[in-house]
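The values are calculated or read from the model by the stated rules, or taken from the named source; none is laboratory data. Every value quoted in this text rests on a predicted model; they were computed, and no experiment measured them. Using ideal geometry, Cβ is built from the backbone for each residue, glycine included, and neighbour counts are taken over all protein chains shown.
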Amino acid sequence: IDKTAGYGSLLKERKKHIGRNLSISYRQPLKIVKGALQYLYDDRGNTFVDCVNNVSHVGHCHPTVVKAMQKQIAILNTNTRYLNDNITAYAKALIQTLPPKLSVCYFTNSGSEANDLAIRMSRHFTKQQDVIVLDHAYHGTTTVAMEMSPYKFDGKGGFAQKPYIHKAVSPDLYRGEFRYQHEDAGSKYAGSVKNIIEQLSAADKGVAAFICETLLGVGGQIPLPANYLKEVYSYVQAAGGICIADEVQVGFGRVGERFWGFELQDVEPDIVVLGKPIGNGHPLAAVIVTEEIAERFNNGMEYFNTYGGNPVSMTTGLSVLNVIKDESLQQHAKETGEHLLHLLRLLMDKYSIIGDVRGHGLFIGAELVRSRETKEPAVQEINEIVERMKEKGFLLSTDGPLYNVLKIKPPLVFNRIDATEMVAKLEEVLEEMNMDKV
Ligand code: PMP
């Protein structure tokens with residue numbers, strides 16, 4: 001297998017004709033030509049275990065999903081202004097996974113578009129403009145979603161924070177002001193949202209919405225502290241605001257114990273936003289709201305979305321839900337995730353560079369630091385680790401505000417053997433790099 005031959009002309013053409021602010025993973029780019037469940041294959045005959053793609057939720061090119069799509073696209077694909085069984089069947093199936101108060105669905109083609117719509121509906125419902133977000137969050141790439149994403153507007157090429165967007169402190173138990181050992185950290189962090197609401201109120205303003213992921217993704221693979229959302233939602237709802245749960249990354253059985261991330265916090269959002277995994281790679285996302293929000297939004301202006309809710313997307317969505325059920329993937333995510341977390345914690349006992357291991361089910365982060373005391377982020381080291389893991393056949397990535405969190409969120413079919421092998425390779429890499437022992 002020739003690992004050195006370049007992709008010179010492909011890269012050159014891409015650079016010339018494809019939008020340039022798009023990064024390519026890895027020093028030596030991969031040309032992936034085929035996917036099957038948790039595996040990806042390049043054009044040189046190499047096989048990789050995909051440890052990071054949470055979009056191919058039930059597995060790359062899952063045969064049941066592929067067949068359902070193929071069958072439907074050969075029969076009909078049109079817009080939603082005709083009666084069709086698929087859209088209602090899918091809406092009913094989705095709603096069954098949610099608390100009864102969430103009962104009306106809007107289908108879109110991306111998580112960004114869905115978050116954008118969720119904010120629009122909140123503003124319409126509350127007649128308020130101001131939105132509270134978490135620091136470092138990412139909610140998408142439309143103009144409104146970017147305004148709600150400190151990860152974007154505070155970053156390179158960013159723009160000034162809009163006066164109607166307010167950043168609450170990220171509830172980070174490893175690095176934040178209130179840490180694991182702090183009893184009541186959830187309440188303390190919720191206080192940041194309370195303060196914002198009080199400041200708004202003092203300025204005679206209300207809250208349209210509070211939006212956050214129910215485990216933080218781009219924010220650093222961070223599970224929320226106990227009681228955090230319970231308190232935040234009570235403050236926001238008392239102020240008349242809408243609580244939006246962005247489940248685009250973490251929902252749909254990934255966290256194992258529960259189907260939705262918000263269930264880990266024992267709360268009921270007013271709007272839930274779904275994306276990525278629900279179409280298993282097909283562009284499908286959704287906004288699910290209460291009857292009251294839907295009724296208020298039905299204000300005479302039509303909400304029509306050319307592709308949203310089309311029969312192929314709906315069939316795809318239904319088949320993904322069925323596969324999760326038929327293959328018990330939520331339970332599988334729980335068991336595999338527990339095994340993986342256990343192995344990573346054993347590795348943390350050996351190597352001081354692993355400062356923290358956290359997660360639920362198959363949504364896991366390992367934060368790498370140069371010193372456990374100073375928590376200096378081990379950025380160069382983590383990048384080297386990701387490169388070396390790729391060479392050993394495991395695709396990983398990094399995330400977090402300091403770019404030092406190893407991000408693990410594989411397709412849910414990722415199994416115990418994959419987890420064991422991945423951690424064994426990670427140990428090999430740490431050994432090769434002469435990382436300090438605890
Ligand atoms: N919300 C979250 C939490 C996300 O991670 C993303 C995408 N990374 C989005 C929204 C936007 O979704 P999309 O890329 O499908 O527009």
### Task
Filter segment 273-287 down to the residues that are more than 15 Å from A145 (Cβ to Cβ) and of a type outside the set (G, A, S), then identify the one that is farthest from the ligand (Cβ to nearest atom).
N280
### Top-ranked residue in segment 259-276 [being without any contact (Cβ under 8 Å) to a residue 40 or more places away in the chain and more than 22 Å from A294 (Cα to Cα); ranked as farthest from the chain's Cα centre (by Cα)]
D266
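Per-residue answers, yes or no, for (1) over 19 Å from I242 (Cα atoms); (2) away from the ligand (no atom under 16 Å from the Cβ); (3) of a type in the set (A, V, I, L, M, F, W, C):
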residue	(1), (2), (3)
L83	yes, yes, yes
K101	no, yes, no
N109	yes, no, no
V131	no, no, yes
H136	yes, no, no
V144	no, no, yes
M148	no, no, yes
### Message
Kindly evaluate L318 against the criterion of being closer than 30 Å to A68 by Cβ, out of contact with any Cys (no Cβ under 7 Å at 6 or more places or on another chain), in contact (Cβ under 8 Å) with a residue 40 or more places away in the chain and in the same structural domain as R44 (by TED's automatic domain parsing).
### Response
no
### Task
Look at D270 and say whether it is touching a strand residue (DSSP E or B) at 6+ places or on another chain (Cβ under 6 Å), in the same structural domain as A91 (by TED's automatic domain parsing), closer than 30 Å to P171 by Cβ and more than 16 Å from the ligand (Cβ to nearest atom).
yes
### Extreme residue, nearest to the ligand (Cβ to nearest atom), among residues of segment 229-261 that are assigned to a helix (DSSP H, G or I) and touching a Cys at 6+ places or on another chain (Cβ under 9 Å)
L229
## Note on the structure
Note on segment 122-135: residues surrounded by 24 or more Cβ atoms within 10 Å (Cβ to Cβ) and either farther than 13 Å from V207 by Cα or among the small types (G, A, S) (or both) are S122, L134
### Any hit, segment 128-137, residues being part of a loop (DSSP other than H, G, I, E, B) and among the small types (G, A, S)
yes
